[in-house]
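See structure below.
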Amino acid sequence: MTVSHGLSGYDAFVLECANTSPAPLPQAFGRLGPRNELSGIGPDGKPFDDQSVQKAFTKALDDMLDSSDPDGTAAAGMTFFGQFIDHDITSDTQSAIGTRIGPRSIRNVRTPALDLDCVYGDGNEASPYLYHPDHAGFLLFGTKDNARDLARNSHGTALNGDMRNDENQIVSQLQGAFVCMHNILMTALQEDAHLVPAAFEGIRAQAITEGYTPSERPFQAARRILRLHYQWIVLNDFLPAFVDADVLKGLRQTFADGKLPKPFTKDSPIMPIEFSGAAYRFGHATVQNDYELNSTSGDVKLFDIMRKEFHSRTEKLNIEFSRLFDFPGNSKFQKARPIGRKLAGSIFNLHFIGEPLKIAGQELSLEDSRKLPHRNIFRDRMTLELPSGQQMARLMHTDEIPAPKELRDHGITKTPLWYYCLHEAEKHGGKLGPVGGTIVAGTLMRLLVLDADSIICSTHDFKPWTALGAAKDGNFSLGHMLACVEAGRDSIAHANDLITG
């Protein structure tokens, strides 16, 4: 393998695929299950069509609205970390709700790998605007008005590998935490060159050590260290937070045996549309109505957290991560909602939506167009035509859950996949069950299996570093990493030079 400087991460992945047989088509979404065309008989005794099924779902889904804030077991911030992961692996810029489209025609703009390209862009040569020109390998961070804001240009636009990571306050500052962690690592690598070889231990592709000059290696080492810890967190913190333990245990064993869980096959798409269009949207059900961001913010509504997206952020709402994540020794962090068929009012109605949806030539009211569950279901039934939850259960050889009463009362007997995953989670303690958990965890774990240098495929048994916050017993979570960021952010080399504006 040779290194081509300036080659984008996406193109490098395609090149690697071109030399692999069979090519896994990383640029396209695809299906795990069959296309599920509209069928069935409505309450009026006539076959469902686009108009009648739209009316049926509009009535059935209104009961999802919930004004209470029940606590699940996951930390509240993990909802937004899930959003961060999503932005690292998927970006569908083509499909529109209400327009039927084949999944394989949807281009995935992100590299389908857990590689933090949302932080690093295409690297310091191909994305130089993310990096300081004089301090090689350091990412720009902070503004003159807020040292904890993302680096920004003169218009207030964040300098990010993925602009979506500036769409709300929490995910924006999570992005910033990963930038800070990289710069903390760069500082350590400058001070202790012996850490550089340790970062490459177990790597299979020798291109990194052979293809880069000594001056380039600290950046490559820092990126690799952070990627490995990020992947560890996804596998051992994020997935256990939201997937039933027995489901996850079975999946781990299947992958350890060198097999794929049903319905995955060696020819399955890397990015299944059932994942991105339905199952991974479980995070909508875990959003709370409001969050306490710091000691002076009080309870902040989600809509206020989302205000001023893609613009400079003031210090007033800077995040104290210990309030949202499981910092070591802290048991008082806020919790996410358990996964289920109820949504907080803060996300049920998307007040920022200004245009009504058009479904099958008919315009929905603006009120219904703003309802998140309606948008999710109409994307499923009118755009992507996803298999039902029952169809996916049959493909996985697991027990089916019949459509719940609120759907059956309106003639709907095949549960849309997103709704099925939420319903199924209620029977598994508020965590994803056999269908939802297999799609979510199976997709993410397979991304790591397909990455020769991931923590799954590396030739050594990777353990999180105590220098990055891991406990001596090996316990490590996103909370541990964020605690390390809070402790080390003030000692980052060249910090004042990295600030923009």
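The values are calculated or read from the model by the stated rules, or taken from the named source; none is laboratory data. Note that this is a predicted model, so its numbers are computed, not measured. Because the Cβ atoms are built from the backbone with ideal geometry, glycine has one as well, and the counts that use them run over all protein chains shown. Ligands, DNA and RNA are excluded from the accessible area calculation, which covers all protein heavy atoms including side chains. Shrake-Rupley method; radii C 1.70, N 1.55, O 1.52, S 1.80 Å.
Computed values, structure above
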| quantity | calculated |
| --- | --- |
| Where a residue in segment 216-237 is within 14 Å of Thr187 (Cα to Cα) and part of a helix (DSSP H, G or I) and its partner, wherever it lies, is open to solvent by 30 Å² or more (accessible area, probe 1.4 Å) and among the hydrophobic types (A, V, I, L, M, F, W, C), with Cβ under 6 Å and at least six apart | Gln220/Ile208 |
| Residue within segment 158-180 that is crowded, with 22+ Cβ neighbours inside 10 Å, free of Cβ contacts under 8 Å to residues at least 40 places away in the same chain, part of a helix (DSSP H, G or I) and not β-branched (Val, Ile, Thr) present | yes |
| Of the criteria (1) within 30 Å of Phe141 (Cβ to Cβ); (2) at pLDDT 95 or above; (3) open to solvent by 10 Å² or more (accessible area, probe 1.4 Å); (4) not basic (Lys, Arg), which one Glu125 fails | (2) |
| Of residues in segment 205-245 being aromatic (Phe, Trp, Tyr) and over 20 Å from the mean Cα position of the chain (by Cα), the one modelled with the lowest pLDDT | Tyr212 |
| Complete set of residues in segment 444-469 that are farther than 28 Å from Pro269 by Cβ and among the small types (Gly, Ala, Ser) | Ala467, Gly469 |
| Of all residues in segment 356-375 being touching a helix residue (DSSP H, G or I) at 6+ places or on another chain (Cβ under 7 Å) and in a loop (DSSP other than H, G, I, E, B), the one that is modelled with the highest pLDDT | Pro356 |
| Check on Gly283, at pLDDT 95 or above and either crowded, with 18+ Cβ neighbours inside 10 Å or of a type in the set (A, V, I, L, M, F, W, C) (or both) | yes |
| Pairs where the first residue, in segment 239-263, is among the small types (Gly, Ala, Ser) and the second is modelled with pLDDT of 95 or more and open to solvent by 80 Å² or more (accessible area, probe 1.4 Å), C-beta under 8 Å, 6+ apart | Ala241/Thr73 |
| Top-ranked residue of segment 251-270 - restricted to ones that are assigned to a helix (DSSP H, G or I) and more than 22 Å from the chain's Cα centre (by Cα), ranked as surrounded by the fewest Cβ atoms within 10 Å (Cβ to Cβ) | Ala256 |
| Unique match (being modelled with pLDDT under 95, in contact with a Gly (Cβ under 8 Å, 6 or more places away or on another chain) and crowded, with 21+ Cβ neighbours inside 10 Å) among Asp145, Asp117 | Asp117 |
| Search result, residues across segment 315-335 that are of a type in the set (A, V, I, L, M, F, W, C) and closer than 19 Å to Asn289 by Cα | Leu317, Ile319, Phe321, Leu324, Phe325, Phe333 |
| Contacts under 6 angstrom Cβ, first residue in segment 58-69 being in contact (Cβ under 8 Å) with a residue 24 or more places away in the chain, partner crowded, with 19+ Cβ neighbours inside 10 Å and of a type in the set (A, V, I, L, M, F, W, C), 6 or more apart | Ala60/Leu407; Met64/Leu343; Leu65/Phe348 |
| Qualifying positions in segment 475-501 - in contact with a Gly (Cβ under 7 Å, 6 or more places away or on another chain) and part of a helix (DSSP H, G or I) | His480, Met481, Ala483, Cys484, Leu498 |
| Asp62, sole failed condition from (1) modelled with pLDDT of 75 or more; (2) open to solvent by less than 30 Å² (accessible area, probe 1.4 Å) | (2) |
| Segment 427-444: number of residues that are open to solvent by 10 Å² or more (accessible area, probe 1.4 Å) and in a helix (DSSP H, G or I) | 2 |
| Hits in segment 376-426 (condition: assigned to a loop (DSSP other than H, G, I, E, B) and either aromatic (Phe, Trp, Tyr) or at pLDDT below 95 (or both)) | Glu385, Leu386, Asp409, His410, Gly411, Ile412, Thr413, Lys414 |
| Residue within segment 334-355 that is among the hydroxyl-bearing types (Ser, Thr, Tyr) and part of a loop (DSSP other than H, G, I, E, B) present | no |
| Total residues in segment 450-469, condition surrounded by fewer than 21 Cβ atoms within 10 Å (Cβ to Cβ), among the hydrophobic types (A, V, I, L, M, F, W, C) and part of a loop (DSSP other than H, G, I, E, B) | 6 |
| Check on Lys472, in contact with a Ser or Thr (Cβ under 7 Å, 6 or more places away or on another chain), assigned to a loop (DSSP other than H, G, I, E, B) and under 24 Å from Met181 (Cα atoms) | yes |
| From Leu478, Leu447, residue being within 30 Å of Lys259 (Cα to Cα), open to solvent by less than 60 Å² (accessible area, probe 1.4 Å), in contact (Cβ under 8 Å) with a residue 60 or more places away in the chain and in contact with a Pro (Cβ under 7 Å, 6 or more places away or on another chain) | Leu447 |
| Selected residue [in contact with a strand residue (DSSP E or B) (Cβ under 7 Å, 6 or more places away or on another chain) and of a type in the set (Lys, Arg)] from Lys371, Lys405 | Lys371 |
| Filtered residues of segment 341-381 (kept if closer than 25 Å to Phe282 by Cβ, surrounded by fewer than 17 Cβ atoms within 10 Å (Cβ to Cβ) and polar (S, T, N, Q)) | Asn349 |
| Positions within segment 388-426 being open to solvent by less than 40 Å² (accessible area, probe 1.4 Å), in contact (Cβ under 8 Å) with a residue 40 or more places away in the chain and more than 27 Å from the chain's Cα centre (by Cα), in sequence order | Pro404, Leu407, Gly411, Ile412 |
| Complete set of residues in segment 450-475 that are modelled with pLDDT under 85, more than 17 Å from Asp257 (Cα to Cα) and among the acidic types (Asp, Glu) | Asp453 |
